[in-house]
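Worksheet for the structure shown next.
The values are calculated or read from the model by the stated rules, or taken from the named source; none is laboratory data. Small disclaimer: the values here were computed from a predicted structure and weren't measured. Note that we place each Cβ from the backbone using ideal geometry, even for glycine, and neighbour counts take in every protein chain shown.
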Amino acid sequence: MSVSEQPLRRLDPKKFRDPELTATGERRARVALKSLGTLWINTGTLCNLACRNCYIESSPRNDRLSYICAAEVGAYLDEIERQKLGTRLIGYTGGEPFMNPDLPEMLESSLARGFEALVLTNAMKPMMKRREPLLRLQRRYGSRLTLRVSLDHYSRHYHELERGTRSWTPAVDGLKWLAQHGFAVNAAGRMFSGEREAELREGFARLFRALGVRLDAHDPVDLVLFPEMDETLDVPEITQSCWGLLNKSPDDVMCASARMVVKRKGDKRPVVVACTLLPYDRQFELGYTLAQARGTVRLNHPHCAKFCVLGGAACSR
């Protein structure tokens, strides 16, 4: 039996239970915030799509994270400036960020203060309904505004396997519209088709050429490829000794340089969490302010291992 044919192992229920120790009793790895290079804003979990394996379960019905408003985002931007945190990038994710009616105002506020802004979008109808505000922002701020379009594969078949029927053409049309109007764009795909990374990048290169979109599919910034995530599948726990064994540094992990702001349904104010993948787990809630969120993060979740440490992925690249 080949490796690809072997049955997937389910996650050992003894793992990721103790924030300090792994199932084998070793000290769990932890990551300190080196600097806040990126602040992510979750605009809300509502989305026009219900993807098969969404990292945070966004859908047209999931409102567990409410729409954050421009004033609430502005308070965090004020704190960055007041504390001189040196943050370069404000990232907007969801859900589909363009479903939040305050997104254009939040982008304007971020860009006007001198930050760069990145929006993760499926480039479909919610984005296209905001064409005029987007064009105004592009004329005013140019390449300081980047839009990352989610194309899960270079083929319609696999993209729609993940995102649903009739999701391919609007996404491709949205990407072409952005490129044709001079926006800074990149793309994000998924590694779930069984192909090697080099094959995936070559497939995307063919797609970009066919679309007339000037993206270098072999550049990890122009095309980010994320691992497919399933927290029910087995993955090793990361111990303190793993850094040396893997020849990695805690400073390379996303939570060493980023935090995310979320507003949970029913809460009066937003909170800061460790990263973009873990908005619901209360153990990764770090406080109401960025000052409170400077603490160390214990890597006590399967996503910490598979996405960040072993997968080497980071949402802000």
- Message: Tell me yes or no: at least one residue of segment 2-22 is in contact with a strand residue (DSSP E or B) (Cβ under 9 Å, 6 or more places away or on another chain), touching a residue at least 12 places away in the same chain (Cβ under 8 Å), farther than 23 Å from Arg269 by Cα and among the basic types (Lys, Arg).
- Response: yes
- Inspect all residues belonging to segment 170-179 and state whether any of them is in contact with a helix residue (DSSP H, G or I) (Cβ under 8 Å, 6 or more places away or on another chain), within 23 Å of Met191 (Cα to Cα) and assigned to a loop (DSSP other than H, G, I, E, B). no
- Message: Being surrounded by fewer than 19 Cβ atoms within 10 Å (Cβ to Cβ), within 26 Å of Ala117 (Cβ to Cβ) and in contact with a strand residue (DSSP E or B) (Cβ under 8 Å, 6 or more places away or on another chain) is the requirement here; does Asp152 meet it?
- Response: no
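At least 1 residues that are charged (D, E, K, R) and closer than 30 Å to Leu211 by Cβ in each: list the strands (runs of 3 or more DSSP E) lying fully within segment 35-150 that qualify. Working first, answer last.
Details: elements: 38-42, 89-93, 116-121, 145-150.
Filter on segment 35-150 gives 116-121, 145-150.
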- Query: Which pairs have Cβ atoms under 9 Å, sit 6 or more apart or on different chains, and link a residue in segment 41-68 that is within 15 Å of Val272 (Cα to Cα) to one that is assigned to a loop (DSSP other than H, G, I, E, B) and aromatic (Phe, Trp, Tyr)?
  - Reply: Thr43/Tyr67; Gly44/Tyr67; Leu65/Tyr280
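Every residue, every condition in (1) over 19 Å from the mean Cα position of the chain (by Cα); (2) of a type in the set (Asp, Glu), yes or no:
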site: Pro13; (1), (2): yes, no
site: Phe16; (1), (2): yes, no
site: Cys51; (1), (2): no, no
site: Ala71; (1), (2): yes, no
site: Gly74; (1), (2): yes, no
site: Glu79; (1), (2): yes, yes
site: Glu96; (1), (2): no, yes
site: Met99; (1), (2): no, no
- May I ask you to list the residues in segment 202-250 that are out of contact with any strand residue (DSSP E or B) (no Cβ under 8 Å at 6 or more places or on another chain), within 30 Å of Arg17 (Cα to Cα) and not small (Gly, Ala, Ser)? Met229, Asp230, Glu231, Val235, Pro236, Cys242, Trp243, Leu245, Leu246, Asn247, Lys248
- Query: For the subset of segment 238-266 comprising residues that are basic (Lys, Arg) and outside any loop (DSSP other than H, G, I, E, B), which member is surrounded by the most Cβ atoms within 10 Å (Cβ to Cβ)?
  - Reply: Arg259
- Taking only pairs six or more apart or across chains, which ones have beta-carbon atoms under 7 Å, a first residue in segment 159-174 that is under 19 Å from Met127 (Cα atoms) and modelled with pLDDT under 95, and a second residue that is polar (S, T, N, Q) and outside any helix (DSSP H, G or I)? none
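Every residue in segment 233-257 that is farther than 20 Å from Arg52 by Cβ, aliphatic (A, V, I, L, M) and in contact (Cβ under 8 Å) with a residue 40 or more places away in the chain, please.
Restricting attention to segment 233-257, the residues satisfying the condition of being farther than 20 Å from Arg52 by Cβ are 234, 236-257.
Next, from what is left, pick out any that are aliphatic (A, V, I, L, M): 238, 245-246, 253-254, 256.
Correct list: Ile238, Leu246, Val253, Met254, Ala256.
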- Top-ranked residue in segment 267-300 [being among the charged types (D, E, K, R) and not in a loop (DSSP other than H, G, I, E, B); ranked as surrounded by the fewest Cβ atoms within 10 Å (Cβ to Cβ)]: Arg282
- Query: Would you call Asp230 out of contact with any Ser or Thr (no Cβ under 7 Å at 6 or more places or on another chain), assigned to a helix (DSSP H, G or I) and in contact (Cβ under 8 Å) with a residue 60 or more places away in the chain?
  - Reply: no
- Yes or no: Gly189 on the phi > 0 side of the Ramachandran plot, in contact with a helix residue (DSSP H, G or I) (Cβ under 9 Å, 6 or more places away or on another chain) and outside any helix (DSSP H, G or I)? no
- Query: Does Arg206 satisfy being farther than 18 Å from Glu160 by Cα, of a type in the set (D, E, K, R) and assigned to a loop (DSSP other than H, G, I, E, B)?
  - Reply: no
